[in-house]
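One structure below.
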């Protein structure tokens, strides 16, 4: 049955000056501001792992999708937050890779960002057959078979790209989202709905929050002034 309710996100953000050089940290909290659908109702249904007993055996009960991760007070996880039109500069990719683990037949984390040229490392902690099928449009697609003996495999993406899907063709419920960024001014909210973006000069910025089901909105944030935006997305 179609869920006819509406979803609201509330983005609270402020830019706090951290040093005399006007380098600041952008912080905020994102909240799901609507009635939470009961388990199994609406667009947010638990994962059905019956097709693979090895996956089902890794869990004691229903496994929620990564689409609606809520904390205390309905704070919302898995929201990708980025500064639009960030300060100019050259950004060397970190030597440390961003990791996505296949654990419990679910990708952890569900949403991630890497810098152009930074390694994206896929791990297989399950010890069963997976494959990692990335579907970027600006970069070359990749499809990595990961049998139980292959514990990790890295890919490096050379062009900026908005969030694209990574899926497992063996387990169709497995999916994640990855953004390839030209700058480091981005973050992903945890279950507490919080994010923190460091190293921004004093100024006014457009901040974009993206959620895979609830859509995308932007808010203008000025140094030292709290900002709030709410938006309404029809249910699926």
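The values are calculated or read from the model by the stated rules, or taken from the named source; none is laboratory data. Because the structure is a prediction, the values reported are computed rather than measured. Cβ coordinates were reconstructed from backbone atoms using ideal geometry, including for glycine residues, and neighbour counts include every protein chain displayed.
Things worth noting here:
- Single residue of the stretch 135-144 satisfying the filter (assigned to a loop (DSSP other than H, G, I, E, B) and without any contact (Cβ under 8 Å) to a residue 40 or more places away in the chain) that is farthest from residue 121 (Cα to Cα): 137
- Cβ-Cβ distances below 7 Å connect the following pairs, each with a first residue in the stretch 145-162 that is free of Cβ contacts under 8 Å to residues at least 24 places away in the same chain, a second residue that is surrounded by 14 or more Cβ atoms within 10 Å (Cβ to Cβ) and assigned to a loop (DSSP other than H, G, I, E, B), and a separation of six or more residues or different chains: 147/129.
- Single match in 166, 132 (criterion: touching a residue at least 40 places away in the same chain (Cβ under 8 Å) and either assigned to a loop (DSSP other than H, G, I, E, B) or in contact with a strand residue (DSSP E or B) (Cβ under 6 Å, 6 or more places away or on another chain) (or both)): 166
- Residue in the stretch 46-68 that is touching a helix residue (DSSP H, G or I) at 6+ places or on another chain (Cβ under 9 Å), modelled with pLDDT of 95 or more and surrounded by 19 or more Cβ atoms within 10 Å (Cβ to Cβ) present: no
- Number of positions in the stretch 181-200 that are over 13 Å from the mean Cα position of the chain (by Cα) and not in a strand (DSSP E or B): 5
- Only a single item in (1) at pLDDT 95 or above; (2) outside any strand (DSSP E or B); (3) touching a strand residue (DSSP E or B) at 6+ places or on another chain (Cβ under 7 Å) is not met by residue 173, and it is number (1).
- Just one of (1) out of contact with any helix residue (DSSP H, G or I) (no Cβ under 7 Å at 6 or more places or on another chain); (2) modelled with pLDDT of 95 or more fails for residue 105. It is (1).
- Residues located in the stretch 175-225, provided they are crowded, with 21+ Cβ neighbours inside 10 Å and at positive phi: 193
- Residues satisfying the stated conditions in the stretch 72-103, i.e. assigned to a strand (DSSP E or B) and within 13 Å of the chain's Cα centre (by Cα): 76, 80, 81, 82, 98, 99, 100
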